Amino acid sequence: MHNFTFTLFFLVLHIVIETALITCISMAIPSFFVSFTKILLGFCLLCTVHKDFVVAGFEEVRVEHDTNEPLTNGSITTAGTGEDGRSELCGTDLSFLGPPYGNMSTAKMVCSPIWNTFVLRYHQREDNVMTIILSAVYTTGWVGIGFSRNGMMLGSSAMVGWFNRKGHARIKQYYLQGAHVSQVIPDKGELPLNGIPPVVALHGAMIYLAFQAKFEHRLGRQPILLAFGTRYPTGFHHLTKHDDKTAVWFDFSQASVLNIDTSQRKNHGILGLMAWGLILPAGAMVPRYLKHKDPLWYYLHAVIQFLGFILGIASVLLGIQLYQSMNADIPAHRGIGIFVLVLSILQVMAFFLRPNKDSKYRRYWNWYHLYFGRMALFFGSLNIVLGIQFAGAGDDWKIGYGFLLAITLLVVIVLETFSYLRRRRDKSNLPSNFQMNTI
């Protein structure tokens, strides 16, 4: 009973510590627990309301215009911005930018407030050459606009402009290779600039970034990244960390903004972390360290693993939602996720196909259940690492998951020690073999 108490204590300690860790990570997501509860309670309803579920995380702000008139500066109003505010933001004479940007008629340019003080002006020609002018209130630091494939920072390209301490204008393209500042590479990127030099200028309290790009086709619905930092770039034009950022879908054909709910990605990550980083590893420890408590270990193992399976399914559903609504196409992460899902389903099937102890197939079933389970845990952990990397998650996620793995390893070492001591004690308590003296 003493060893059982210690074993159960360390298993509970493992779950409590890891749950506290994940709770700390999710503190930045106030809506997570509400969403998580809805996921569990509405699990069986998700398939029937899938279409509504896909668009639940988006809020559209459409720029209204007369359908009989082309999109021009004079015919645009923006939701949440009055006519006076629109005129003040979009009615500025741009001649201070110089040619070719200052020569363009404001009547031909679409103007739309897009985020905070950010205002986006653009004109798309028939040959798919687009002139883009971004403006925002400016004091110090830098301002940037990025073009993304899927609403994520990783793999995006951005135009960033600023004025240094000496008042010199700087504008460069950056390739966003990762979330760390060292992975934001200057003078690289995939934006197809057409050779017309980009311009950055100050006019009143606003900074203006202007550039031209020739795209392969006319832009429609496009993920846009917006960010600013109040500290100047350092060294060889290396950007400092942003003070604020956002990601939106901007429809260039209708001048409408569709806000991307980034909490969906965080919820997907937290559910996957809870399932494959906490619940399922804890459930896998039960048969190894509590098997001497039959049949308690069996019921604990089944209940914990089933809970982990439900959380894993919820994580997969959120992943499908992200893939369909944000075009979050990460082949390696998605492929491993599908593989792990198949392994999980096979493990659930194994629960219902478990042969009796005296069956001649029981040995093969044990091998199948053991090694398929280990494969699922390994690839589930690998997919967590890939998800953190591909999503461009911050250092908090990396440190948090590393700490979780360290706690898991520590718990395994402690439980292995107690298991070894228990087996040694049981062996020493066995009666010695009785031998008769020969005459």
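Yes or no: residue 182 hydroxyl-bearing (Ser, Thr, Tyr), out of contact with any helix residue (DSSP H, G or I) (no Cβ under 6 Å at 6 or more places or on another chain) and not in a strand (DSSP E or B)?
Values: hydroxyl-bearing (Ser, Thr, Tyr): yes; out of contact with any helix residue (DSSP H, G or I) (no Cβ under 6 Å at 6 or more places or on another chain): yes; not in a strand (DSSP E or B): yes.
In short, yes.
Please list, ordered by first then second residue, the pairs with beta carbon atoms under 7 Å, 6 or more apart or interchain, first in segment 88-107 and at pLDDT below 85 and exposed (fewer than 14 other Cβ atoms within 10 Å of the Cβ), second assigned to a helix (DSSP H, G or I) and not β-branched (Val, Ile, Thr).
The qualifying pairs are 107/73; 107/74.
Right, residue 342: at pLDDT 90 or above, under 18 Å from residue 377 (Cα atoms) and over 25 Å from the mean Cα position of the chain (by Cα) or not? Explain how you work it out, then say what you get.
On the way: at pLDDT 90 or above: yes; under 18 Å from residue 377 (Cα atoms): yes; over 25 Å from the mean Cα position of the chain (by Cα): no.
Considered against the rule, which asks whether it is at pLDDT 90 or above, under 18 Å from residue 377 (Cα atoms) and over 25 Å from the mean Cα position of the chain (by Cα), residue 342 comes out as no.
Can you tell me which residue is most open to solvent (accessible area, probe 1.4 Å) among those in segment 358-412 that are farther than 29 Å from residue 264 by Cα and touching a residue at least 40 places away in the same chain (Cβ under 8 Å)? Please lay out each step first, then the result.
Of segment 358-412, the ones farther than 29 Å from residue 264 by Cα are 358-372, 409-412.
Checking which are touching a residue at least 40 places away in the same chain (Cβ under 8 Å) leaves us with 411-412.
Working: 411: 10, 412: 44 Å².
So the residue we want is 412.
With (1) in contact (Cβ under 8 Å) with a residue 12 or more places away in the chain; (2) within 14 Å of residue 236 (Cβ to Cβ) as the list, and residue 154 as the residue in question, which single condition is left unmet?
(2)
Restricting to segment 125-156, count the residues that are open to solvent by 30 Å² or more (accessible area, probe 1.4 Å) and assigned to a strand (DSSP E or B).
Number satisfying all stated conditions: 1.
So which of 122, 208, 174 ends up being in contact (Cβ under 8 Å) with a residue 60 or more places away in the chain, part of a strand (DSSP E or B) and touching a helix residue (DSSP H, G or I) at 6+ places or on another chain (Cβ under 9 Å)? Talk me through it step by step, then tell me what you get.
Values: 122 fails: touching a helix residue (DSSP H, G or I) at 6+ places or on another chain (Cβ under 9 Å); 174 fails: touching a helix residue (DSSP H, G or I) at 6+ places or on another chain (Cβ under 9 Å).
One residue alone meets the criteria, 208.
Would it be correct to say that residue 352 is open to solvent by 100 Å² or more (accessible area, probe 1.4 Å), closer than 30 Å to residue 152 by Cα and modelled with pLDDT of 85 or more? Reasoning before the result, please.
Working: open to solvent by 100 Å² or more (accessible area, probe 1.4 Å): yes; closer than 30 Å to residue 152 by Cα: no; modelled with pLDDT of 85 or more: yes.
So residue 352 fails the test.
The values are calculated or read from the model by the stated rules, or taken from the named source; none is laboratory data. Just so we're clear, the structure is a prediction, and the values are computed from it rather than from any experiment. All Cβ positions, even for glycine, are placed from backbone atoms using ideal geometry, and neighbour counts span all protein chains on display. Quick note on the areas: whole protein, heavy atoms, side chains included, nothing else; ligands and nucleic acids left out. Shrake-Rupley method; radii C 1.70, N 1.55, O 1.52, S 1.80 Å.
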